[in-house]
Every structure is written in C-alpha cells, then in structure tokens.
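Visitor: Structure in structure tokens, see below.
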Amino acid sequence: MILNFIEFFHKRVLIVSFQTILDAIQQTRNLIHLLTNTRGQQITETSFNSAWRRIRYRAGIDDVTFHDIRAKSLTDAKEIGGLEYAQALGGHSRQGMTEQYIKKRETEVVNPLK
C-alpha cells in the first residue's frame, strides 16, 4: 500500500492511491458490501455522513465534499490510464459524466518564465 500525504488547506491529508482501492475491491469481490461497520454490516447513509463530518472536523477542513475526493481520484485515474479507465473506475455509463468530474480538477502544466 502506498500512502501519500498532501498539504490541503494547511492540513496534512492522507491520500490513498487509486490502485490501493482497486486492490482492496478485488480482494473483497465475494463480499456483499464495500463499506461496512465493525460488525461487517453495510453502513447506512447516516453513518457515512456522520463519519465524514468527524473526519473533516479532525482535519480542520469544512468545505470539502466526498465528491471532491471522487473528482480527484478520477482525474488521477485519467492521468494513469486515460479517460476510458477513469470512466470504468467511476462506474459512469456516459463518458460525458466522467469528463464533468475531471474538467473541474484538471490544470494545465506550464514551464515557468525565465
């Protein structure tokens, strides 16, 4: 597992590689639910939202949504394997939906002026 930390709003945030997530999914293909509680039961939307609020509070960031992470992941996936790869990982039936997620996150890399 590769762990990456980035500086996000002056806080250190852990970023797990998309490959790590894919590996975890492949290892758990026979399970019914990807996200479970400590008893192995599917977590509810309320439980997820509560946990998400606690994570944001502890990190000191309140204006980040789960979709921001999804957009970042799909943008990274496009860099690694192209748009079709990102679309497959995002579970989108339309390429246009994937492009909407990525469009907001992509930036053009330029060389500095001398």
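Visitor: Could you tell me whether G91 is modelled with pLDDT of 80 or more, at positive phi, over 16 Å from the mean Cα position of the chain (by Cα) and exposed (fewer than 12 other Cβ atoms within 10 Å of the Cβ)?
Guide: Working: modelled with pLDDT of 80 or more: yes; at positive phi: yes; over 16 Å from the mean Cα position of the chain (by Cα): no; exposed (fewer than 12 other Cβ atoms within 10 Å of the Cβ): yes.
When the stated conditions are applied, G91 does not pass them.
Visitor: OK, next. Would you say T46 is modelled with pLDDT of 85 or more and more than 17 Å from the chain's Cα centre (by Cα)?
Guide: yes
Visitor: Might you let me know whether the range 58-73 holds any residue that is small (G, A, S) and not in a helix (DSSP H, G or I)?
Guide: Start the filter on the range 58-73 by keeping residues that are small (G, A, S), which leaves 59-60, 71, 73.
Checking the rest, the ones that are also not in a helix (DSSP H, G or I) come to 60.
Among the residues of the range 58-73, at least one is small (G, A, S) and not in a helix (DSSP H, G or I), which makes the answer yes.
Visitor: Restricting to the range 56-70, what's the tally of residues that are surrounded by 14 or more Cβ atoms within 10 Å (Cβ to Cβ) and either more than 13 Å from the chain's Cα centre (by Cα) or at pLDDT 85 or above (or both)?
Guide: Summing the residues that are surrounded by 14 or more Cβ atoms within 10 Å (Cβ to Cβ) and either more than 13 Å from the chain's Cα centre (by Cα) or at pLDDT 85 or above (or both) in the range 56-70 gives 3.
The values are calculated or read from the model by the stated rules, or taken from the named source; none is laboratory data. All values reported here derive from a predicted model rather than from experimental measurement. Note: ideal-geometry Cβ built from the backbone for every residue, glycine included; neighbour counts use all protein chains shown.
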